[in-house]
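All remarks here apply to the structure that follows.
The values are calculated or read from the model by the stated rules, or taken from the named source; none is laboratory data. Since the structure is predicted, the reported quantities are computational estimates derived from the model, not experimental observations. Quick reminder, even Gly has a Cβ in these numbers, built from the backbone with ideal geometry, and neighbours come from all protein chains shown.
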Amino acid sequence: MSLLFRSSSPPLFRSRLPPHDFGCDDLDLKSGGKLDPKSSEPDFILILITCGYLLRRSFQNKPQELDIYDELVTFYYKQSLDHFNYQPQSYITFDQRYIINFKYWEGVNPNIPIFAYLGAEGSLDNDLSFTLPFASRYKAMVVYLEHRFYGQSIPFGSLEKAMKNTTIRGHLSSAQALADYAQVILHVKKMFAAETSPIIVIGGSYGGMLASWFRLKYPHIALGALASSAPVLYFDNITPQDGYYSVVSKSFRETSETCYEIIRRSWAEIDRIAEKPQGLSILSKRFKTCAKLNRSSDLKDYLDNMFSGAAQYNFPSENPVDAICAAIDGEAKKKTSDLIGQVFAGVVAYMGEKPCYDVSDSWHTVDPTDQYSFQICSEMVIPIGVSGKVESMFPTAPFDLNSFKNDCKAWYGVSPKPHWITTFYGGHDLKLVLQRFASNIIFSNGLKDPYSSGGVLHDISESIVAVTTAKGCHCLDILSAEVDDPDWLIIQRKTEMDIIDGWISKYHADLLQFKKSDSH
């Protein structure tokens, strides 16, 4: 069984996008500014003047001038390894990277929020265009916070050293990451004398879950949270295991019934050919694999991830599901075509014309330094599978918790805690619980995103709201705005901003009221 919950499973948060031609790497990140990875931790003096502001930075060691018109500036914060214990290793520190975008910021003002983008399971480098539509609208600063153990925020400065040390590795958790973010956000507010500037945390996917949990755990720091594509209900069997693949199947079926049926029938055909004496060689040739297949499951995993990735990241400007189905349907009209040729036509449409296709067996191996694989094996247990009880274009492959536990023990020496997330953050009876005490959370989901099956799709209260779009995909609303964005996406972002407007207006009114009370 794969680490990712079934023998052919989606790339669960392992990267922003699976390796295909329709991804965030192809988007214009519009980062523009220059990063200075050598920046020291500064002391700041903030001077406000009538026509703008002047920001000066003085270093204890080597003075450097900060050009406020650079869009991006990189900083490092000396972060504690452990926020919750008092053992010797708890006091180890590491450099946590955070990057600030100053492009739109008009200075300290209780009406102007600071957006804190909560990094997830990867380097910040590909996320630096996220939230810019919001920063532009509010003239806000954006602070991008890198998740511990990812990117440049790694204890000892060595991923291999950190992940192979079982004592240190045990500090890779969502709770520790949230505490990191709390420390850095407070530091940034103090650094800019921005104590009255409200904080809005934003994240997508795993980062979206972190954003919602941050608002629940640190309401004194974050005024509100925008949790994009956050499957907070996909834990502890709250959402049926079939949820993810049901949405993928629905997307393909709505695009083309013929395409759906060809994909559904192709799995058995692949197995049938693989059982022949030279079956794997035949499949290798038909799919133009770069290396000969060792097992048919490698090919099926490859196709599974391709179909899942296309549905999850079905951006309106590319529509990869449409592209795959158009190619499959076109090939099906040829008299000499067969199922294998039809599916391969979809591969070419998705991946492009290539001399060969890398159908590796990476999903059957485990890298001991893979950070999110460890998180999946410890606390982030999201049971995704195909039970066979729900109609699907994928073959039956149910999630098996016992097998999963055995694999994790063999790989990392840890036993997963499948109930911990709902114990620590909640999840069961979410509406009943949150409407009693929580506020100011937007759960945004595109219903074409397979992870929307585990998302909050209905309002919980007046201030914990669900914003959904029928045609949206994974994290689309927090990506950079494009000139060809459809009207429904523009409306979605405006709806989210209108909600944030309400939070800020109430915050400002409360601030004025408290000041009046203090003056009497």
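Brief remarks follow.
- Every pair of residues 6+ apart whose Cβ atoms lie under 9 Å, when the first sits in the range 458-474 and is touching a residue at least 40 places away in the same chain (Cβ under 8 Å) while the second is of a type in the set (Lys, Arg): Lys471/Lys448; Cys473/Lys448; His474/Lys448
- Some residue of the range 249-263 being modelled with pLDDT of 95 or more, surrounded by fewer than 23 Cβ atoms within 10 Å (Cβ to Cβ), of a type outside the set (A, V, I, L, M, F, W, C) and not in a helix (DSSP H, G or I): yes
- Test: residue in the range 278-287 that is among the polar types (S, T, N, Q), in a helix (DSSP H, G or I) and either in contact (Cβ under 8 Å) with a residue 60 or more places away in the chain or not assigned by TED's automatic domain parsing to the domain that holds His474 (or both): yes
- Taken over the range 431-470, the residue count meeting the criterion of being over 24 Å from Val321 (Cβ atoms), among the acidic types (Asp, Glu) and crowded, with 18+ Cβ neighbours inside 10 Å is 0.
- Of all the criteria given as (1) more than 23 Å from the chain's Cα centre (by Cα); (2) over 23 Å from Arg295 (Cα atoms); (3) among the hydrophobic types (A, V, I, L, M, F, W, C), the one not satisfied by Trp411 is (2).
- Candidate set: the range 415-430, residues that are closer than 19 Å to Asp400 by Cα and out of contact with any Cys (no Cβ under 7 Å at 6 or more places or on another chain); chosen: the one surrounded by the most Cβ atoms within 10 Å (Cβ to Cβ): Ile421
- Flag if Met393 is within 25 Å of the chain's Cα centre (by Cα) and either at pLDDT 95 or above or in the same structural domain as Ala177 (by TED's automatic domain parsing) (or both): no
- Filtered by the rule that a residue be touching a helix residue (DSSP H, G or I) at 6+ places or on another chain (Cβ under 9 Å), surrounded by fewer than 18 Cβ atoms within 10 Å (Cβ to Cβ) and over 20 Å from Ala268 (Cα atoms), the range 323-347 gives Ala326, Gly330, Lys334.
- Some residue of the range 284-292 being surrounded by fewer than 23 Cβ atoms within 10 Å (Cβ to Cβ), more than 30 Å from His187 (Cα to Cα) and either β-branched (Val, Ile, Thr) or in contact with a Gly (Cβ under 9 Å, 6 or more places away or on another chain) (or both): yes
- Filtered residue count, the range 324-352, keeping only those that are under 29 Å from the mean Cα position of the chain (by Cα) and either modelled with pLDDT under 95 or not in a helix (DSSP H, G or I) (or both): 1
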